[in-house]
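Take a look at the structure below.
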Amino acid sequence: MVNFKGIIAEQIAKTVNINKEELESYIEIPKDTNMGDYAFPCFKLAKELKKAPPIIANEIKEKLEIDEKIIKKVEIVGGYINFYINSIIIIEDVLKNFEERKEDFGNTQVGKGKTVIIDYSSPNIAKPFHIGHLRSTVIGGALYNIYKYLGYKTVGINHLGDYGTQFGKLIEGYKRWGSEYKIEENPIDELTKIYVRINELCKEDENVLEECRNNFKKLEDGDEYCKNLWTKFRELSLKEFQKVYDLLESKFDSWNGEAFYVDKMQEVVEILEKTGKLVESEGARIIDLGEKMAPCIIGKTNGSTTYATRDLAAILYRARTYNFDKALYVTSYEQILHFKQIFEVAKLLGIDEKYINGLEHIPFGMVRLKEGKMSTREGNIIKLEDLLNEAISRALKVIEDKNPDLEGKEEVAKKVGIGAVIFNDLSNNRIKDEVFDWDVMLNFQGETGPYIQYIYVRTKSVIEKAGYLPQLKEIDITKLEDNESFAIAKLLYEFSNVLEDVTLKNEPSILSRYLIDLSQSYSAFYNNNKIIGEDKAVQDARLYLTYVVGSILKIGASLLGIQMPDRM
Ligand code: ARG
């Protein structure tokens, strides 16, 4: 597509002694369209040129040789040079590019030849899949899709919490009371009950605790009975987690959890020993990380390994197996220290610096429930599957109110309900705590998933009402001279930048915001311009623009993991 920033930078470069690339990076897109479509701030030049920014702006402007077909007006406001581009040029450019690229629009292939690992979801076996894991699943899934779209090789890893001393306890509990619990029917709930009960008993009786430790030791040594039980707990838990993954349509390339690294930790310990930095402290083996951070515990007092050691073994394994450029870990901010520690210790593993530089924790905020708005079971644990199903049934209720005769209501309700939950997770900066409020997230007029779906459905119904879709070559682009078409075209033009920005910041909310902006722009276009029944040439042009907006909304939403209904 036409590189407007590049054209502007090239002209400015002829007037000052700074290279084009750097100048291009200064150019801004003003929020207020009254300040032009692109703005060049002269403040950064002021120091070097020893002149006031407005004077510099004027001097540059005088010397610019601008093609008026592309840039129709240049204006100075304060220290800024504001450029107004010819709207038809950008509209034509975007529509032609869409016609060529279609399902691939905005895919710049920047990721070609690069590999990104995304470690996400990662719930713990025999424990509830909680709402924090939902956020990880949704954020990680969106990042996965977007990197992939941009041409990266992506590896989605579900680093299951399927190892640790708790299994020694579960085995002991099961041994004692297994037959009393219906773990096949309701694995997580029942295993949780067993876990609570055995913990109580351990507190009362040292000997039981000792038994639990023995079980874990046996599990580590490959004891048949213990291993079979562990496998059973894992399989049953996975089957239950799968219900959530099915609803969200989440997929992973690898399910290698913590247990996968059991036989790979020894090497880590040996490497660390050789560095001389692995020291004894109060019976544990630790790596001291200086003043700034708590030490990283590699081996516990009782000799067993830790979550951190397993993560170190995973770094080593992933570097060797995937030759990654980036390895992202999507968890709540509660684990910030953990990742700081292991990334620091990873420097001692002797792997290429490229891998160390590629490690990145992607933390996100907590989910706060708006009280009384969510059905909780005893305690405060919300079963995720129930929560997603509640989203679907609430969506169904809204649809029944608005459009009782809709065909295939259940299917639509599923897309709307799940879409609402996903969008809610992705709508704000990930690090912010999120409020879980049904009324807000299911509001069809709010900044929500259902709103985007609603606008998408509108684009479909406009085209359906017209009964045809013109070809690009048949339309007269100059008929799209209204401000709203221009605003839409500018957004479409930004699509690939938005996607790249998501990957630079690992922030899917940039795309969510964008889809809201695009939906609102289409809504303004729709409200201010008659699409059907105008002069045929105008109608054709507006129909085509409608079609392109619908297509991009659909591509964007699917990158977030949200499906579009055809009607709602
Ligand atoms: N299972 C962990 C939890 O639920 C998350 C694992 C994240 N990934 C990792 N490689 N540590 O908190």
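The values are calculated or read from the model by the stated rules, or taken from the named source; none is laboratory data. The shown structure was predicted, so the numbers you read here are calculated from the model rather than taken from an experiment. We place every Cβ from the backbone using ideal geometry, glycine too, and count neighbours over all the protein chains shown. Ligands, DNA and RNA are stripped out before the accessible areas are found, and what is left, the full protein with its side chains, is counted by its heavy atoms. Shrake-Rupley method; radii C 1.70, N 1.55, O 1.52, S 1.80 Å.
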(request) Kindly provide the set of residues from the stretch 1-47 that are open to solvent by 80 Å² or more (accessible area, probe 1.4 Å), under 35 Å from the mean Cα position of the chain (by Cα) and among the basic types (K, R), ordered by number. (result) K31, K44
(request) Sort out which residues of the stretch 107-121 are among the polar types (S, T, N, Q) and surrounded by 22 or more Cβ atoms within 10 Å (Cβ to Cβ), and write them in order of number. (result) S121
(message) Can you tell me which of (1) over 20 Å from K274 (Cα atoms); (2) open to solvent by less than 10 Å² (accessible area, probe 1.4 Å); (3) away from the ligand (no atom under 11 Å from the Cβ) is the one K354 doesn't meet?
(response) (2)
(request) Run S122 past the list (1) without any contact (Cβ under 8 Å) to a residue 40 or more places away in the chain; (2) under 30 Å from K169 (Cβ atoms); (3) of a type outside the set (F, W, Y) and report the number of the one that doesn't hold. (result) (1)
(message) Which residue is nearest to the chain's Cα centre (by Cα), if the candidates are limited to the stretch 134-151 and must be open to solvent by 20 Å² or more (accessible area, probe 1.4 Å) and touching a residue at least 60 places away in the same chain (Cβ under 8 Å)?
(response) N145
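In the stretch 140-156, how many are among the β-branched types (V, I, T) and either closer than 19 Å to G106 by Cβ or part of a helix (DSSP H, G or I) (or both)? Show your work before the answer.
Our first condition is that a residue be among the β-branched types (V, I, T); within the stretch 140-156, this holds for 146, 154-155.
Subset that is either closer than 19 Å to G106 by Cβ or part of a helix (DSSP H, G or I) (or both): 146, 154.
The qualifying residues number 2.
When you look at E258, is it closer than 25 Å to P123 by Cα, within 12 Å of the ligand (Cβ to nearest atom) and open to solvent by less than 20 Å² (accessible area, probe 1.4 Å), yes or no?
On the way: closer than 25 Å to P123 by Cα: yes; within 12 Å of the ligand (Cβ to nearest atom): yes; open to solvent by less than 20 Å² (accessible area, probe 1.4 Å): yes.
Yes, satisfied.
Can you find even one residue in the stretch 77-94 that is within 30 Å of G358 (Cβ to Cβ), small (G, A, S) and outside any helix (DSSP H, G or I)? Before you say what the answer is, go through the steps one by one.
Here is the first cut: in the stretch 77-94, the ones within 30 Å of G358 (Cβ to Cβ) are none.
No, the conditions are met nowhere in the stretch 77-94.
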(request) Hey, can you tell me all the residues within the stretch 177-188 that are touching a residue at least 40 places away in the same chain (Cβ under 8 Å) and open to solvent by less than 40 Å² (accessible area, probe 1.4 Å)? (result) I183, P187, I188
(message) With the requirement that a residue be buried (at least 17 other Cβ atoms within 10 Å of the Cβ), away from the ligand (no atom under 16 Å from the Cβ) and under 13 Å from I342 (Cβ atoms), what does the stretch 287-314 give you?
(response) I287
(request) Please find, within the stretch 72-88, the residue that is surrounded by the most Cβ atoms within 10 Å (Cβ to Cβ) out of those that are aliphatic (A, V, I, L, M) and within 36 Å of the chain's Cα centre (by Cα). (result) I81
(request) Specify the residue that is nearest to the ligand (Cβ to nearest atom); the eligible residues are those in the stretch 73-128 that are closer than 30 Å to G257 by Cβ and of a type in the set (S, T, Y). (result) S122
(request) For the stretch 516-544, name all the residues that are among the hydrophobic types (A, V, I, L, M, F, W, C) and in a helix (DSSP H, G or I). (result) I516, L518, A524, F525, A537, V538, A541, L543
(request) Mind listing whichever residues of the stretch 315-351 are β-branched (V, I, T), within 11 Å of the ligand (Cβ to nearest atom) and not in a strand (DSSP E or B)? (result) I315, I342
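Just checking, how many residues over the stretch 200-218 are of a type outside the set (D, E) and open to solvent by 40 Å² or more (accessible area, probe 1.4 Å)?
Let us first name the residues in the stretch 200-218 that are of a type outside the set (D, E), namely 201-203, 207-209, 212-218.
Within this subset, residues satisfying the condition of being open to solvent by 40 Å² or more (accessible area, probe 1.4 Å) are 201, 203, 207, 213-214, 217-218.
Final tally of qualifying residues: 7.
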(message) Looking at the stretch 228-273 only, could you name the residues that are over 21 Å from Y174 (Cα atoms) and among the acidic types (D, E)?
(response) D246, E249, D253, E258, D263, E267, E270, E273
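Could you say which residue among E371, E378, E344, E334 is surrounded by fewer than 16 Cβ atoms within 10 Å (Cβ to Cβ) and at pLDDT 95 or above? Break it down into steps so the answer makes sense when it comes.
Details: E371 fails: at pLDDT 95 or above; E378 fails: at pLDDT 95 or above; E344 fails: surrounded by fewer than 16 Cβ atoms within 10 Å (Cβ to Cβ).
Just one listed residue meets the conditions, E334.
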(request) For I131, work out the one condition from (1) among the β-branched types (V, I, T); (2) over 30 Å from I552 (Cα atoms); (3) within 16 Å of the ligand (Cβ to nearest atom); (4) open to solvent by 10 Å² or more (accessible area, probe 1.4 Å) it doesn't fulfil. (result) (2)
